[in-house]
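What follows is a set of notes on a single structure, which appears directly below.
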Amino acid sequence: MAGSKRKATPAPRVAPAEAARSSGAPDERCLVPPDCTWPVILGVDPGTRSMGYGAIVIAPDGPRLLLAGVIAPRAGTALAERLAEISVELPRVLARCRPSWLVVERAFSALNVQSAFRIGESRGVVLACAARAAVPIAEYSPAQAKKAVLGHGSASKEQVAAMLPRLLRGSVQGLPDDATDALALALTHARKLAFERRMPVPRSERALAVPGRARSNNAVARVGRPRASQSA
């Protein structure tokens, strides 16, 4: 019909700043309309005492912050109880952001072997929750995430956090380190997807790195349907 307008994609409702900074998991009210076609990527920084999460929406004009925060099990409880608490709270995060992908930090060898074991145990809970929700999984090392955000893998947590406001629409000030690390993981996967689809980027984005490269000629926008699984 002449003069008719194309129906716009319903945009996800960005969570209030105070919800994004809460120390516990959000409630289960979904922020993403059922007919929204913009992909959502949820990053998770595993841990047994504090698990960071950060969800971004891949809108046509670039990535937007949807939700971020930490799951903090009760202090002083046994490891099994903390893992059980995470297994209850993480599905609530999944229900609220309805992600197209879940991105988790890849297991790596650390100087502190005990810490590596604990990260591995919390990763198991994350992977199980994603599988139960039928969400495709991607994995990246901390160095890959830092390289995607800053162009080199030796960046500090503070440097990563300082760069996020330039890459994401929405307020990321004051988020815990675990949450900003999770957002970096989500951005890493968004850039990988954009790179694979060889999408052109605006000039302002051309200096930003993608995993494995110092420069990018690809947009973090309009990514397609999720694959069965994704891995770096």
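What follows is calculated from the coordinates using simple rules that are stated; it is not laboratory data. In this text, all values refer to a predicted model and were calculated from it rather than measured experimentally. FYI the Cβ positions are ideal-geometry reconstructions off the backbone, even for glycines, and counts take in every protein chain you see.
Of the residues Leu164, Leu90, the one with the fewest other Cβ atoms within 10 Å heads the list, and the complete ranking is Leu164, Leu90.
As a rough guide to protection, the peptides 51-57, 148-154 ranked by mean Cβ packing within 10 Å, highest first, stand as 51-57, 148-154. Rg and Dmax of segment 84-133, based on Cα coordinates, read 12.1, 36 Å.
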